[in-house]
Amino acid sequence: MTRFCAAILAALFVYVTAQPGAAQDVTLTSRDGAVEISGNLLGFDGEFYRVDTIYGELTVDGSGVLCEGPGCPDLTNFVAEVRFSGAPAVGRLLLPALMAAFGQKEGYDVTRVDGADGHRAIYRFEDRQTGALRGRFHFHLTNSDEGFADLLANEADIVMSLRELRPDEARLAEDAGIGDLTDRRRSRVLALDALVPLVTPDNPVRSITTTQLASVLAGEIDNWQDLGGPDAPIAVHLLAAETGLGQATEDRMLLGETRAFAPEARRHPSLTTLVHSVTRDPFALGIGSRTDKATLRELALTGECGFETTATRRAVKTEDYPLTAPVFLYSPARRFPRLVREFLAYTRSPAAQLVIRRAGYVDQLPEEIAIDAQGDRFANAVLRAGEDVSLEDLQQMVRVLTPLKRLTTTFRFEPGSARLDAQSRSNVTQLAQALERGLYDTRRLVFVGFSDGDGPAGPNRQIARKRAAAVREAVVAAAETANLSRLRIETQAFGEAMPMACDDSEWGRRANRRVEVWVR
């Protein structure tokens with residue numbers, strides 16, 4: 001039986017049946033003695049008990065009950081506990097950096113205790129003034145698959161993932177009573193990364209079209225000469241299929257294609273081994289991470305029509321670079337201890353975004369890009385305008401946008417869908433929270449819709465306008481406590497007038513279907 005199947009059975013057992021176990025048995029009695037609840041203690045967050053009873057899982061306010069039994073927590077010296085499981089890159093570098101910064105801000109000394117197997121660690125939060133232990137954050141460092149399996153088996157509280165939740169995993173989580181993990185309250189983008197084609201610095205090839213890259217990975221192009229390089233075979237290196245980035249590579253690199261990766265492609269268990277192998281082979285091409293490429297050089301992605309892009313910070317943040325790879329945290333619909341809630345809230349703060357950037361990832365802090373820093377985009381709008389885009393259309397776009405600055409907060413959609421992609425759903429939350437903090441008070445905020453060039457310009461402009469209005473509504477709905485009367489929020493649409501990529505591939509069309517945010 002596979003680990004994933006075992007996790008499914010364990011999850012069904014944990015959440016559908018009662019869990020006997022004397023070590024965790026508790027009885028909660030109301031202070032007037034009128035109500036009594038018995039069951040197995042699933043958790044205590046310092047304020048609320050979570051108990052598995054014959055009536056199902058119940059959450060009970062600790063201030064209104066007395067606890068008896070061997071499972072009762074120590075209320076005087078409560079220690080917040082949380083279990084993370086999943087991607088090692090997140091658990092070894094990114095989250096420890098964030099925990100250290102959070103501890104420094106809130107007055108905790110954060111120390112690490114490594115497990116004997118090298119895959120587990122505990123981070124202890126101790127009060128800097130008293131030395132009292134306030135929290136233990138447990139880490140199980142495996143891969144994204146194992147993280148979701150641990151969550152289903154009730155062996156983890158938060159999943160660290162380098163890929164998006166799969167539909168079958170979402171269904172299993174709902175069936176197991178964990179909740180809707182696709183809900184923006186249950187999933188969050190912690191940081192941004194990107195998949196990049198990597199070669200040695202002395203490789204003469206500088207760029208590759210997206211269609212060529214797909215053909216290389218499928219084994220249909222196997223010689224560098226076909227890419228303008230030497231007459232030498234291309235050695236393809238990929239991350240193993242069970243790793244989060246390996247699965248993200250499969251999901252993103254052959255987007256819209258029915259082909260599979262070449263069977264002779266060499267698979268690696270980690271980025272470290274992939275980078276090492278590509279470094280030693282002048283004829284290798286590896287698909288790796290923007291955050292960990294060592295001395296290797298990234299190939300620029302181009303299209304047949306001449307667009308070229310690399311994984312710069314702004315290009316990743318805006319998703320103008322087509323192979324962005326968000327870093328996810330997934331958690332069930334349960335209440336965490338206050339220390340854990342405060343830490344998770346901190347990860348969205350502007351201070352945390354600076355920590356994320358120092359750790360080598362791309363942060364989600366919005367940046368404003370002045371019009372004079374976007375000359376290439378407007379030049380391409382003129383050069384690549386289709387027959388249905390008139391000079392008057394371009395002039396109108398320039399008149400509207402020239403007084404404004406573009407935010408790096410951009411919204412894109414899942415392939416073949418009107419649903420926002422994972423990074424964009426996170427952007428809804430980020431922008432809504434900025435509105436609630438009053439960051440754009442007295443300013444003008446314009447949601448601008450763009451489309452690909454597939455089809456007539458008129459209908460494309462209408463579709464772009466509807467998408468801009470839908471994104472505006474999603475942000476406004478999420479900004480529940482914002483005083484929106486203090487700013488102007490508008491929508492505009494220019495359809496296919498400013499393409500970001502070629503329309504000759506699904507990658508390019510997806511990049512062009514977007515809603516940008518402009519401010520003044």
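The values are calculated or read from the model by the stated rules, or taken from the named source; none is laboratory data. This one's a predicted model, so the numbers in the text were calculated from it and none came from an experiment. Positions of Cβ are generated from backbone atoms using ideal geometry, with glycine treated the same way; all protein chains shown enter the neighbour counts. All accessible areas refer to the heavy atoms of the entire protein, side chains included, with ligands and DNA or RNA removed. Shrake-Rupley method; radii C 1.70, N 1.55, O 1.52, S 1.80 Å.
What residue, of 166, 134, 171, 184, is in contact with a Ser or Thr (Cβ under 9 Å, 6 or more places away or on another chain) and not β-branched (Val, Ile, Thr)? Spell out how you get there, then give the answer.
Details: 166 fails: in contact with a Ser or Thr (Cβ under 9 Å, 6 or more places away or on another chain); 134 fails: in contact with a Ser or Thr (Cβ under 9 Å, 6 or more places away or on another chain); 171 fails: in contact with a Ser or Thr (Cβ under 9 Å, 6 or more places away or on another chain).
Testing whether each residue is in contact with a Ser or Thr (Cβ under 9 Å, 6 or more places away or on another chain) and not β-branched (Val, Ile, Thr) leaves just 184.
Of all residues in segment 250-300, count the ones that are in contact with a Ser or Thr (Cβ under 9 Å, 6 or more places away or on another chain) and hydroxyl-bearing (Ser, Thr, Tyr).
Of the residues in segment 250-300, 3 are in contact with a Ser or Thr (Cβ under 9 Å, 6 or more places away or on another chain) and hydroxyl-bearing (Ser, Thr, Tyr).
Could you tell me which residue of segment 244-278 is surrounded by the fewest Cβ atoms within 10 Å (Cβ to Cβ), considering only residues that are part of a helix (DSSP H, G or I) and of a type in the set (Val, Ile, Thr)?
Residue satisfying both the conditions and the ranking: 272.
Tell me, please, whether a residue that is surrounded by fewer than 20 Cβ atoms within 10 Å (Cβ to Cβ) and not hydroxyl-bearing (Ser, Thr, Tyr) can be found in segment 512-520. Write out each step before concluding.
Initial filter on segment 512-520 (surrounded by fewer than 20 Cβ atoms within 10 Å (Cβ to Cβ)): 519-520.
Those left that are additionally not hydroxyl-bearing (Ser, Thr, Tyr): 519-520.
Yes, that holds for at least one residue.
Would you check if there is a residue in segment 401-424 being part of a helix (DSSP H, G or I), more than 14 Å from residue 468 (Cβ to Cβ) and out of contact with any strand residue (DSSP E or B) (no Cβ under 6 Å at 6 or more places or on another chain)? Give the derivation first.
So in segment 401-424, the residues part of a helix (DSSP H, G or I) come out as 401, 422-424.
Within this subset, residues satisfying the condition of being more than 14 Å from residue 468 (Cβ to Cβ) are 422-423.
Now narrow it down to the ones that are out of contact with any strand residue (DSSP E or B) (no Cβ under 6 Å at 6 or more places or on another chain): none.
Looking through segment 401-424, none of the residues is part of a helix (DSSP H, G or I), more than 14 Å from residue 468 (Cβ to Cβ) and out of contact with any strand residue (DSSP E or B) (no Cβ under 6 Å at 6 or more places or on another chain).
Please enumerate the residues belonging to segment 115-154 that are of a type in the set (Asp, Glu), surrounded by 15 or more Cβ atoms within 10 Å (Cβ to Cβ) and more than 10 Å from residue 84 (Cα to Cα). Step through it out loud before you land on a result.
The first filter runs over segment 115-154 and keeps only residues of a type in the set (Asp, Glu), leaving 117, 126-127, 145-146, 150.
From what's left, surrounded by 15 or more Cβ atoms within 10 Å (Cβ to Cβ): 126, 145-146, 150.
Scanning segment 115-154 gives 126, 145, 146.
Scan segment 470-499 residue by residue and report those that are touching a Gly at 6+ places or on another chain (Cβ under 8 Å) and surrounded by fewer than 18 Cβ atoms within 10 Å (Cβ to Cβ).
Within segment 470-499, 483, 486 qualify.
For segment 338-374, how many residues are in a helix (DSSP H, G or I), open to solvent by less than 30 Å² (accessible area, probe 1.4 Å), of a type outside the set (A, V, I, L, M, F, W, C) and more than 19 Å from residue 135 (Cβ to Cβ)?
Total meeting the criteria: 1.
Could you tell me whether any residue of segment 345-359 is in contact with an Asp or Glu (Cβ under 9 Å, 6 or more places away or on another chain), hydrophobic (A, V, I, L, M, F, W, C) and free of Cβ contacts under 8 Å to residues at least 40 places away in the same chain?
Within segment 345-359, one or more residues are in contact with an Asp or Glu (Cβ under 9 Å, 6 or more places away or on another chain), hydrophobic (A, V, I, L, M, F, W, C) and free of Cβ contacts under 8 Å to residues at least 40 places away in the same chain.
Among the residues of segment 462-486, what is the count of those that are in contact with a helix residue (DSSP H, G or I) (Cβ under 9 Å, 6 or more places away or on another chain) and part of a helix (DSSP H, G or I)?
So the count comes out to 7.
How about segment 73-114: which of its residues are in a helix (DSSP H, G or I), buried (at least 16 other Cβ atoms within 10 Å of the Cβ) and among the hydrophobic types (A, V, I, L, M, F, W, C)?
Answer for segment 73-114, where residues must be in a helix (DSSP H, G or I), buried (at least 16 other Cβ atoms within 10 Å of the Cβ) and among the hydrophobic types (A, V, I, L, M, F, W, C): 89, 90, 94, 95, 97, 98, 99, 100, 101, 102.
In this structure, does residue 156 turn out to be touching a Ser or Thr at 6+ places or on another chain (Cβ under 7 Å), small (Gly, Ala, Ser) and either over 26 Å from residue 353 (Cβ atoms) or free of Cβ contacts under 8 Å to residues at least 24 places away in the same chain (or both)? Give the derivation first.
Numbers: touching a Ser or Thr at 6+ places or on another chain (Cβ under 7 Å): yes; small (Gly, Ala, Ser): yes; either over 26 Å from residue 353 (Cβ atoms) or free of Cβ contacts under 8 Å to residues at least 24 places away in the same chain (or both): no.
Here the answer is no, as residue 156 does not meet what is asked.
Considering only residues of segment 166-211 that are assigned to a strand (DSSP E or B) and closer than 13 Å to residue 422 by Cβ, which is nearest to the chain's Cα centre (by Cα)? Even if it seems obvious, please write down each step before you answer.
Of segment 166-211, the ones assigned to a strand (DSSP E or B) are 187-199, 207-209.
Those still in the list that are closer than 13 Å to residue 422 by Cβ too: 187-193.
Details: 187: 8, 188: 6, 189: 3, 190: 6, 191: 6, 192: 6, 193: 9 Å.
By that ranking, first place goes to 189.
Among the numbered criteria (1) over 21 Å from the mean Cα position of the chain (by Cα); (2) in a loop (DSSP other than H, G, I, E, B); (3) exposed (fewer than 15 other Cβ atoms within 10 Å of the Cβ), which single criterion is violated by residue 241?
Tallying (1) over 21 Å from the mean Cα position of the chain (by Cα); (2) in a loop (DSSP other than H, G, I, E, B); (3) exposed (fewer than 15 other Cβ atoms within 10 Å of the Cβ), residue 241 fails exactly one: (1).
Hey, among 157, 183, 222, which residue is surrounded by fewer than 19 Cβ atoms within 10 Å (Cβ to Cβ) and at pLDDT 90 or above?
Of the residues listed, the single one that is surrounded by fewer than 19 Cβ atoms within 10 Å (Cβ to Cβ) and at pLDDT 90 or above is 222.
Just one of (1) among the aliphatic types (A, V, I, L, M); (2) within 30 Å of residue 175 (Cβ to Cβ); (3) open to solvent by 10 Å² or more (accessible area, probe 1.4 Å); (4) part of a helix (DSSP H, G or I) trips up residue 333, so point out which.
(4) is the only condition that residue 333 fails.
Please give the number of the condition residue 32 fails out of (1) exposed (fewer than 12 other Cβ atoms within 10 Å of the Cβ); (2) at pLDDT below 85.
(2)
Given the options 437, 419, name the one that is open to solvent by 30 Å² or more (accessible area, probe 1.4 Å), more than 18 Å from residue 314 (Cβ to Cβ) and within 17 Å of the chain's Cα centre (by Cα).
Values: 437 fails: within 17 Å of the chain's Cα centre (by Cα).
Selected residue: 419, the only one of 437, 419 that is open to solvent by 30 Å² or more (accessible area, probe 1.4 Å), more than 18 Å from residue 314 (Cβ to Cβ) and within 17 Å of the chain's Cα centre (by Cα).
Within segment 195-208, is there a residue that is touching a Leu at 6+ places or on another chain (Cβ under 8 Å), among the basic types (Lys, Arg) and surrounded by fewer than 16 Cβ atoms within 10 Å (Cβ to Cβ)?
Filtering segment 195-208 down to residues touching a Leu at 6+ places or on another chain (Cβ under 8 Å) leaves 195-201, 205-208.
Subsequent filtering for residues that are among the basic types (Lys, Arg) retains 206.
Among the residues that remain, those that are also surrounded by fewer than 16 Cβ atoms within 10 Å (Cβ to Cβ) are: 206.
Yes.
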